[in-house]
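Trainee: Dumping the structure here so I can ask a few things about it.
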Amino acid sequence: MSFDHPVYLIPAVFLAIALCALLLAAQRRMTARDLVYSNVAFLTDAVAPRAWIGRAFNASWIVALALGALAVAGPHVRMPVPARDGSVFICIDTSGSMQSTDVSPTRASAAKNAAAAFIDASPSGTRIGIIAFSSGAAVIAPLSADRTAVKAALDDVPNPNGATAIGDALQLAAQNLPASGHRVVILITDGVNNAGADPQEMASYLGTRHIPIYTIGIGTPNGDIIGGEQSTIDEDALRSYADASGGAYARAENASQLRSALARLGGVTMLQNREVAMSLPFAFSAGGLLLLAMITGFATGRVP
Amino acid sequence: MASITLRDALLRGKRRPRRFGAGSPTTYRGDGYEFVELRAYVPGDDVRRIDWAATARAGDLQTRVVLEDVALTLAALIDDSASMRVGRKRPLLDAAGEAVELWYGSARGGDRVLRVGPECVVRPGAPIDVRFDLERTLLTARAVLPRGAALLAISDWFDLSERHHDLLASLASRCDCTALVARDPWYDGLGLSGFVRIRGAESGHARLWIGARERRAFAAAVRAREAELHSTFASLGWRTGMLEEHDGVAGLLDAFGLNFI
């Protein structure tokens, strides 16, 4: 936590201490709720009072005053906040192996459905684009905040065919992403890179530009035989791309896992660390707590 | 009328053995007898009180219970400490004053009335300058009261502890002892809720949260304390009654099993 005016903390702390002293003095004065009793020890033993209630009241005053003092100093906190102006490219593998049916109905269809769910779940204002890649890569939908248009573009994703040019897809995404802002690439693939640019280099390049790649490997462990060849996932490579760029890797063996993986990514990719001014939240919390303590205090006899 | 009844009750108490076989003829002088009742003979009764005619009619020994016109010593021990000066509408000490007034009022010519204080005995109404101390007052009562005297002790008994039990038993073996227990002014429930500052009448203070649970616990503790005090006094040979803040007389009459007329 950092402060705009840390020097303000000093008088604020003194003020809080003075207020605490005033409160304690006020609590000591006689009030209408005072009771003169023959034997205090007997009464306190008899009622077995719940001391935590009094402590909670005191704590609420102290916390409220502390929050107020902090609010005066203009605190800032670096925390993940939803990126409403983020840019996301979803790179969908359309190589021949994506016609495999080990993921129902096919890997390609499951990928498109999951991408549609991701688009629906993304915060408004997030710009989303779609890149399809097989032997080459092409932008199916440019970055747009119009979710309807982007979802409609999923229908234009070509049928599975050809090789797997992961590097080309990453390169295309890097070219089409804005130069600044919160940018993310989501890579949905089932295969081993066998065409185009070196994906590891592209991943490192994206990492240097602070663009994380979230890779999702789709397919069952045994995969499927497509065109006489076993379609498998190079998980190590996919994890490596993610690590090099500061992203993460997830494995989806069915449509449900794929959807949930993308949903998780929706939460993560749309967050960005920012310095957030906390003066107002602190001030409102302090005010609310003070108000609550005063109202309940007046109602229950706890001064003031 | 009530005062006469109270005196009669005291005299009647004198005539009855406290414990099985422990009775003995009175040593008090008197110049007359007042018949009270005829009852079955109890071992220890003075054989001279056996009514042979009634025995013949009933087939069992019958004893004539009479009141002797004797001089009584009516002593009062009043806790006038600060803890007795609390109350909801008036101090408990005011109610104690009413009870003592009835107590002294039951005296007839020839009876002695006195008030026992810590290391002093004074006439009723005379000031006691010494601060009340239960133990010292009980010791004084034991030292100065003649055998057979009637002692009325009024207090909230917060200072009573086990170390006083021998003293109380000793007093009960010599005197007709009655303890009036000042009922807690908040016996019917603490009328406050929320944060309440409790000031001790004598010392101490506390700030407590009083909620429904605390009020229930308090009511239970007050009742338990009363029951324990009654049990303790009864086991030590004392008669007990409750001193209500609003009525100092009723509790004393109740202690003697009398109804206020």
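The values are calculated or read from the model by the stated rules, or taken from the named source; none is laboratory data. All of these numbers come straight from a predicted model, not from anything done at the bench. Glycine gets a Cβ as well: all are built from the backbone with ideal geometry, and neighbour counts include every protein chain shown. With ligands, DNA and RNA removed, areas are computed over all heavy atoms of the protein, side chains included. Shrake-Rupley method; radii C 1.70, N 1.55, O 1.52, S 1.80 Å.
Trainee: Expressed as cubic angstrom per residue, what is the convex hull volume of the alpha carbon set of segment A:81-275? Working shown, then result.
Mentor: Details: hull volume 18.2 nm³, N = 195.
Value for segment A:81-275: 93 Å³ per residue.
Trainee: Compare B:Val196, B:Val222, B:Val116 in a GNM of chain B, Cα atoms joined below 10 Å, and give the one with the largest fluctuation.
Mentor: Maximum fluctuation in the GNM of chain B, among the listed residues, is at B:Val196.
Trainee: Kindly report, to the nearest 10 Å², the accessible surface of A:Glu201 as traced by a 1.4 Å probe over protein heavy atoms only.
Mentor: That residue has around 130 Å² of solvent-accessible surface.
Trainee: Also, I was wondering about something else. Where does chain A land at 222 nm, in deg cm²/dmol rounded to the nearest 500, when only DSSP H runs of n ≥ 4 count, each adding -39500 (n - 2.57), divided by all residues?
Mentor: So the calculated ellipticity at 222 nm is -15000 deg cm²/dmol.
Trainee: Also, quick follow-up: What's the longest bit of chain B with no exposed chymotrypsin sites (Phe, Trp or Tyr not before Pro), using DSSP loop states and at most 14 other Cβ atoms within 10 Å as the test?
Mentor: Details: sites that count: B:Phe20, B:Tyr28, B:Phe260.
With a cap of 14 other Cβ atoms within 10 Å, the longest stretch comes to B:29-259.
Trainee: With everything on Cα atoms, drop me the angle between helix B:165-174 and the longest principal axis of chain B, reported from 0 to 90° to the nearest 10.
Mentor: Between the helix axis and the principal axis of chain B, the angle is about 30 degrees.
Trainee: Further question: Cβ under 15 Å from B:Ala54's Cβ, B:Ala54 left aside: what net charge do those residues give with Lys, Arg +1 and Asp, Glu -1? Show your work: numbers first, answer last.
Mentor: Values: positive: B:Arg39, B:Arg48, B:Arg49, B:Arg57, B:Arg64; negative: B:Glu37, B:Asp45, B:Asp51, B:Asp60.
Combined, the nearby Lys, Arg, Asp and Glu give +1.
Trainee: So what does B:Arg215 come to for accessible area, using a 1.4 Å probe and Å² rounded to 10?
Mentor: Accessible area, nearest 10 Å²: 80 Å².
Trainee: Then there is this: Where nothing but the Cβ of Lys and Arg (+1) and of Asp and Glu (-1) is charged, how large is the charge dipole of the protein assembly as shown around its Cα centre, in debye to the nearest 20?
Mentor: Working: 57 positive and 57 negative charges, 475 e Å.
Here the protein assembly as shown has a charge dipole of around 2280 debye.
Trainee: For B:Ser170, tell me the accessible area in Å² from a 1.4 Å probe, rounded to the nearest 10.
Mentor: Counting only protein heavy atoms, the figure is 30 Å².
Trainee: Enter the angle in degrees (range 0 to 90, nearest 10) between the Cα long axis of helix A:107-121 and the first principal axis of the Cα atoms of chain A, meaning the one along which they spread out most.
Mentor: 30
Trainee: Here is a follow-up. Just to check, using Stokes-Einstein with a Kirkwood Rh over alpha carbon pairs, what's the diffusion coefficient of the protein assembly as shown at 20 °C and 1.002 mPa s in µm²/s? Walk me through the numbers before you get to the answer.
Mentor: Working: Rh = 32.6 Å.
Value of D from the Cα-based Kirkwood radius: 66 µm²/s.
Trainee: D for chain B, whole µm²/s, Stokes-Einstein with Kirkwood Rh over alpha-carbon pairs at 25 °C and 0.890 mPa s: what number? Walk me through the numbers before you get to the answer.
Mentor: On the way: Rh = 20.1 Å.
Calculated translational D: 122 µm²/s.
Trainee: If you fit an axis through the alpha-carbon atoms of helix B:2-15 and take the longest principal axis of the Cα set of chain B, what angle between them do you get, 0 to 90°, nearest 10?
Mentor: Approximately 60 degrees, to the nearest 10.
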